[in-house]
Amino acid sequence: MSTVSSESFPTVGVLGGGQLGKMMAAAAQQLGVHTRLLSPKDAGPMQFFADSRSGDWRDPEVLRRFARECDVITVESEWAPAAEMAEVLPENAALRPGPSTLDLIKDKGVQNRTLAEAGLPLPPFACCHTLSDAVDAASKLGYPVVVKQYRGSYDGYGNATARDESELRQAWPDLAADDGALIEAFIPFERELAVQVARRPGGEQVTYPVAYTVQRDHRCHAVVVPAPIDEDVSERAREVAAAAVDAVDGVGLTAVELFQTEDNDILVNELAPRPHNTGHYSIEGSHTSQFENHIRAILDWPLGDPGLRANSAVMVNVLGHRDGRPPKTTGLREALSVSGAAVHIYGKPQVRPNRKMGHVTVVGDDPESVRARAEEAAAAIEL
């Protein structure tokens, strides 16, 4: 597949029409890059872009027509039909990241085995086909253990902590597929961290500052950048993240979620082969956002500076409180009145409790003030 010329105005196709596709399209437009979005649903964040469409994206003919209009195709989610797209892709178009990368990342068992074979540090784990295998593995790893379904987990869904064999047996039926589930040793970590890595097809890459992800109820509540960790720990985290992306041959933006242990070791938690919630701060906080560098990378264009514009950036997620359609927003005026608050509302057509409906970012030089203002603005918004 040929490299897209930096003098042309290429068209990027995005499989997906949610908030990530929306923010990819906004970054692409800034560079003069045309975007087309394809989603199985005809509502949501994609409604803000005229050149978007809905259709059965498992239908080869729908994918073929879409691909003919694109120079490069990327995904908003690892669950997009990349393998089906690869089968109908025109010779002069590219799919980035490639289907092999997406396949190994979306299966947590394959992902862990791939990273372990490459020498990356991971929590001790076992891929278990049966409940009996899982019980044996847990006894060797030692309780508590984390039970993770191989495919489909996100935002705290799809995994459970088992403190003993009884809880393991209780969790197994809900999380195990026909081929079983992943059993990991529970890591009493000090912090959860994240690093965004933008990588071109030839391997050139840039890494973003290490982010500290603040969790509430097993979901990301806030992202603090830079993470409040020692420089040697930060450097190690960035090295591990870069090596993990090399190991899976990532192209575009890959988010690497990490554990910082009580002994300051760095372990890989999981990868996402796309822009990620933990990198949203970069829209206002970085010289080049994760979305712009994703577009640059998949087009094989020079990568931008991932560094911060100021000493500190904090992003706080805005989650749904109600359950219904259409969403009703209150507190937006109050949030916008907070000094320096950049408010993003995604435009999802339906709200559910704990669903990510938007986020707020504040950038500045005083970390405490930045965090306080971001929290204040996000707390004012209710959907």
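The values are calculated or read from the model by the stated rules, or taken from the named source; none is laboratory data. Note that the structure is a prediction, hence the values are computed from the model and not measured. Quick reminder, even Gly has a Cβ in these numbers, built from the backbone with ideal geometry, and neighbours come from all protein chains shown.
Here are the numbers for this structure:
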quantity	calculated
Top-ranked residue in region 208-222 [being aliphatic (A, V, I, L, M) and in a strand (DSSP E or B); ranked as farthest from TYR157 (Cα to Cα)]	ALA211
Residues (within 23 Å of the chain's Cα centre (by Cα) and of a type in the set (Gly, Ala, Ser)) located in region 305-340	GLY307, SER312, ALA313, GLY320
Residues located in region 333-383, provided they are part of a helix (DSSP H, G or I) and basic (Lys, Arg)	ARG333, ARG371, ARG373
Cβ pairs under 6 Å, 6+ apart, first in region 262-281 and on the phi > 0 side of the Ramachandran plot, second among the acidic types (Asp, Glu)	none
Residue that is surrounded by the fewest Cβ atoms within 10 Å (Cβ to Cβ) [pool: residues in region 233-288 that are of a type in the set (S, T, N, Q) and touching a helix residue (DSSP H, G or I) at 6+ places or on another chain (Cβ under 6 Å)]	ASN264
Filtered residue count, region 69-88, keeping only those that are buried (at least 20 other Cβ atoms within 10 Å of the Cβ) and either under 14 Å from ARG274 (Cβ atoms) or of a type in the set (A, V, I, L, M, F, W, C) (or both)	10
Count - residues of region 144-166 that are in contact with a helix residue (DSSP H, G or I) (Cβ under 9 Å, 6 or more places away or on another chain) and either within 17 Å of PHE189 (Cβ to Cβ) or among the hydrophobic types (A, V, I, L, M, F, W, C) (or both)	8
Scope region 353-381; condition farther than 18 Å from THR278 by Cβ and surrounded by 16 or more Cβ atoms within 10 Å (Cβ to Cβ); matching residues	GLY364, ARG373, GLU376, ALA377, ALA380, ILE381
Residue list for region 91-126, restricted to those being at pLDDT 95 or above, of a type in the set (D, E, K, R) and closer than 24 Å to GLY202 by Cβ	ARG96, GLU117
All strands (runs of 3 or more DSSP E) inside region 50-158 with 1 or more residues being hydrophobic (A, V, I, L, M, F, W, C) and touching a residue at least 40 places away in the same chain (Cβ under 8 Å)	72-75, 125-128, 145-148
Any hit, region 160-174, residues being in contact with a Lys or Arg (Cβ under 8 Å, 6 or more places away or on another chain) and either assigned to a helix (DSSP H, G or I) or not assigned by the TED database to the domain that holds THR74 (or both)	no
Matching residues, region 180-206, being touching a helix residue (DSSP H, G or I) at 6+ places or on another chain (Cβ under 8 Å) and within 18 Å of ALA138 (Cβ to Cβ)	GLY180, ALA181, LEU182, ILE183, GLU184, ALA185
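Conditions tested, residue by residue: (1) assigned by the TED database to the domain that holds GLU257; (2) farther than 30 Å from PRO302 by Cβ; (3) small (Gly, Ala, Ser); (4) more than 17 Å from the chain's Cα centre (by Cα).
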position	(1), (2), (3), (4)
ASP178	no, yes, no, yes
ALA181	no, yes, yes, yes
LEU193	yes, no, no, no
ALA198	yes, no, yes, no
GLY202	yes, no, yes, yes
VAL206	yes, no, no, no
VAL210	yes, no, no, no
GLN215	yes, yes, no, no
HIS218	yes, yes, no, no
